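See structure below.
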Amino acid sequence: ETMKADRRHELKENDLLLALDGARQYLDVHGKQIGLIAVLILAVFGAVSFGLHSRAAAMEEIWRRRNQLKFEPVDVGKKSLEALVGITNEVSDKEFVLASLTDQGRQALRLAQQVPFPPDGELNQQAREAFEQLRSRFSDTPLALGAALSGLATVEENEFVLDGNLTHKEAASTHLNAIVSNPKLNALPFQQLALDRLKLLDA
């Protein structure tokens, strides 16, 4: 029994030696090729890591630039809106674009009411453009869609103040009804606000 165990142990050692010898011969033949592949893999990994780090640093800088913009008083706000549009056009990051388009529309509407004879037509148009982009690019994001439709309703109300054309009331009503009838917005405050605004619109 002991001899059998020793024999099995000897066979295993021989198998191991054969395997090691085979591996050594394989490395002798293919060692340079394997080394080159390893270097290439490391180079690709390094390039990807560097690219990701550089992209993250660039996005951090863009967020910093956005956060430094001031929107008071009106003349400064107008310049900041232009700067924000330029920054937004530079990037494709969805989170940044969503936040910036929302800011553009919201700040443009706010500034439009701070001129001597509000609303300001140019700022109101800037708000329209921002909210139209927000609606078309983020229609599958309930918060963005609700903000866009609500903002567009305000834009139409401002247009009615400017020219008295009743088509703006109809357009505002269409946007508000789109909020009320959209099941994706059920859990959000936009619907109750839209209902209240529709009552005021009818009055």
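The values are calculated or read from the model by the stated rules, or taken from the named source; none is laboratory data. Here the structure is a predicted model, which is why all the values come from computation and not from measurement. We work out accessible area using only protein heavy atoms, side chains counted, and drop any ligands, DNA or RNA first. Shrake-Rupley method; radii C 1.70, N 1.55, O 1.52, S 1.80 Å.
Reported count of residues in the range 78-90, each being open to solvent by 20 Å² or more (accessible area, probe 1.4 Å) and either not aliphatic (A, V, I, L, M) or not in a helix (DSSP H, G or I) (or both), is 6. Can you pull out the residues in the range 151-203 that are open to solvent by 40 Å² or more (accessible area, probe 1.4 Å) and outside any helix (DSSP H, G or I)? Within the range 151-203, 164, 165, 166, 181, 186, 187, 188, 189, 203 meet the criteria.
Working only within the range 91-118, note down all residues that are over 12 Å from residue 62 (Cα atoms) and outside any helix (DSSP H, G or I). If the condition is that a residue be over 12 Å from residue 62 (Cα atoms) and outside any helix (DSSP H, G or I), then 113, 114, 115, 116, 117, 118 are the ones that fit. For the range 128-150, a tally of residues being among the hydrophobic types (A, V, I, L, M, F, W, C) and in a loop (DSSP other than H, G, I, E, B) returns 1.
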